[in-house]
Structures are given as structure tokens and as C-alpha cells.
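The values are calculated or read from the model by the stated rules, or taken from the named source; none is laboratory data. Model, not experiment: these values are computed from the prediction. Cβ placement follows ideal geometry from the backbone for every residue including glycine, while neighbour counts extend to all protein chains displayed.
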Amino acid sequence: MNLSSLFRHRAAAVRRRRSARRARLGERGPASIGGTARRVATTDRDELRRWIPSGYRPVRHLGGMLALGVAAELLLAVQFAGRIQPADLWAVPATLVVATLLEYVAHRYVMHVQWRALGAIWDAHTGRHHHYYLEEAPTWERPADVWLILFSLRDVVTLVAIVAGPFAILRAAVPAGSWALAVATSIGFFLGYEALHMAYHLPDGHPALRRRWLAAMRAHHVRHHRLASMHANYGVTTRLWDRLFGTAAAPASARGRAAPR
Ligand SMILES: [Zn+2]
Ligand SMILES: [Zn+2]
């Protein structure tokens with residue numbers, strides 16, 4: 001066996017292992033969904049809407065989340081005014097790199113994998129969000145449908161509890177100004193993530209989608225909503241990690257060539 005056939009042989013073995021692993025992770029389609037997700041494995045929008053709490057007010061949800069974020073940012077500004085120096089600015093790009101990577105990892109390995117202890121996350125994301133918003137119908141029909149997109153208040157509290165420990169450790173490791181900028185950037189990143197994700201599910205032809213970059217990011221995310229093969233385009237705020245980790249699907253014009261299936 002010469003060197004090039006050895007490489008081809010190896011690449012084929014890696015592809016086989018990857019596809020067996022995807023199958024094990026349950027990233028296939030509604031027909032094969034089981035376990036904790038069985039009760040939500042439907043694409044019937046009326047049935048999925050039953051999960052939306054009665055009396056749900058999307059404006060209150062969005063307004064509450066925005067108010068909390070702005071209040072936290074203001075509190076930081078007041079507490080750390082005068083302690084932020086130009087040398088602390090590195091914390092902003094560093095936080096964005098870490099935050100976008102964590103977003104990718106959490107999306108790929110938590111939201112799309114049926115871990116026994118984290119079934120509720122799979123149910124909410126893959127079970128409900130993906131089954132409601134399909135690649136061929138990615139837009140909401142009524143304002144209350146944003147409940148099936150956004151983090152709930154409980155999700156936000158859980159997220160804050162998860163990141164509180166690492167941020168407490170970071171507080172002792174970096175200057176106060178850098179820490180404050182890292183926290184402020186994280187809050188801004190989370191709000192930006194929610195806003196972008198919501199924008200991707202806006203009705204077609206919405207004026208916001210005239211922005212070319214937003215339309216391109218939306219196309220990237222909508223491809224991720226292909227129900228039968230969701231293991232591509234995990235990045236919501238950036239396409240960088242999909243490109244680096246080989247999970248970027250080819251754009252629509254190049255489909256059929258190298259797109260992950
Ligand atoms: Zn997803
Ligand atoms: Zn989505």
C-alpha cells in the first residue's frame with residue numbers, strides 16, 4: 001500500500017467512525033428520537049405551542065431580560081468606574097473568543113446530545129425549538145412563538161449559577177477592571193446571542209433581514225434547522241468555530257459537494 005492510498009484508507013476509517021458516533025449521539029431525525037424526547041418528538045406547531053405558559057407575554061419576557069441586562073451593566077459601571085484602564089481592554093476580545101467557543105461547545109455537545117442528567121436541555125432545544133422551527137419553515141407565526149426561541153428566566157438563572165464559579169475564580173486572577181469588562185462583555189454577548197437568534201427566525205422579508213451580514217448568518221442558522229441532519233452550523237453568533245471544527249455546511253449554491261449531512 002503506497003502513502004496516498006494509506007491516507008485515503010485512513011480518511012475513510014475516520015469518516016466511518018464519525019458517522020457511527022453521530023448515530024450514537026442521536027442526531028438523526030424524528031423517526032429515531034426516543035428516550036426523554038419521545039413526548040416532544042412532533043413537528044405539529046399547535047401541539048408544541050401547548051408548552052408555552054398560559055398568559056405568556058413576549059414583550060414582558062423580552063423587556064424583563066433587557067432590563068436585567070441593562071441593570072447589571074449599569075451596576076458594573078457604577079461599581080468599577082475609575083478602575084478600568086486602557087490595559088484592561090484585552091478582556092473584551094478575550095471574553096468574546098471564550099464566549100463564542102463555549103456557545104459552540106454547549107450547542108453541539110449539550111443541546112444536541114441526550115445526556116441522561118441534562119434531558120430538559122435537549123427537550124427544550126432539539127425537542128421543541130428544532131421541531132417547531134424547521135429549515136423549510138423557520139419563522140414564527142405569532143409573537144408568543146418566541147417562547148420557543150428565547151432562554152426562560154429559569155434558564156438565565158441556571159446559566160448565571162453555572163458561570164458564577166468561574167467568574168469568582170477569575171476575580172482573584174485578573175485586575176478588577178479586566179474582570180468588570182469580562183463580565184460586562186459576557187452580559188452583552190448573551191443579549192446579542194438572544195437578539196440574533198430571534199432575528200434568524202423573523203418572518204421572511206422582514207426589513208431587518210435586508211442587512212447582508214444578517215441574512216448570511218440567518219442562512220447559516222436556518223441550515224442548522226434541517227431536522228434530519230442538525231449536526232452542522234452550530235455557531236449562532238459566528239461561523240468561525242464551525243469552519244475550524246469542520247461542521248460548516250456548504251452554502252446552498254454549493255450543496256451536494258462537501259456539506260456535512
Ligand atoms: Zn441546535
Ligand atoms: Zn434556531
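So here's what we get for this one:
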item: Close pairs (8 angstrom Cβ cut-off, 6 or more residues apart or separate chains): more than 18 Å from S152 (Cβ to Cβ) in the range 63-74, in a helix (DSSP H, G or I) anywhere; result: E73/A184; E73/I187; E73/G188
item: Qualifying residue in the range 99-120 (condition: aromatic (F, W, Y) and in contact with a Leu (Cβ under 7 Å, 6 or more places away or on another chain)); result: no
item: Residue match in the range 157-177 (condition: crowded, with 18+ Cβ neighbours inside 10 Å and more than 16 Å from ligand 1 (Cβ to nearest atom)); result: yes
item: Of all residues making up the range 229-254, the number that are away from ligand 2 (no atom under 16 Å from the Cβ) and part of a loop (DSSP other than H, G, I, E, B); result: 4
item: Meets criteria (at pLDDT 95 or above and either assigned to a helix (DSSP H, G or I) or not β-branched (V, I, T) (or both)) for L191; result: yes
item: Total residues in the range 57-91, condition loosely packed, with under 15 Cβ neighbours inside 10 Å and under 20 Å from M198 (Cα atoms); result: 8
item: Cβ pairs under 9 Å, 6+ apart, first in the range 108-122 and within 21 Å of R239 (Cβ to Cβ), second of a type in the set (V, I, T) and part of a loop (DSSP other than H, G, I, E, B); result: R108/T247
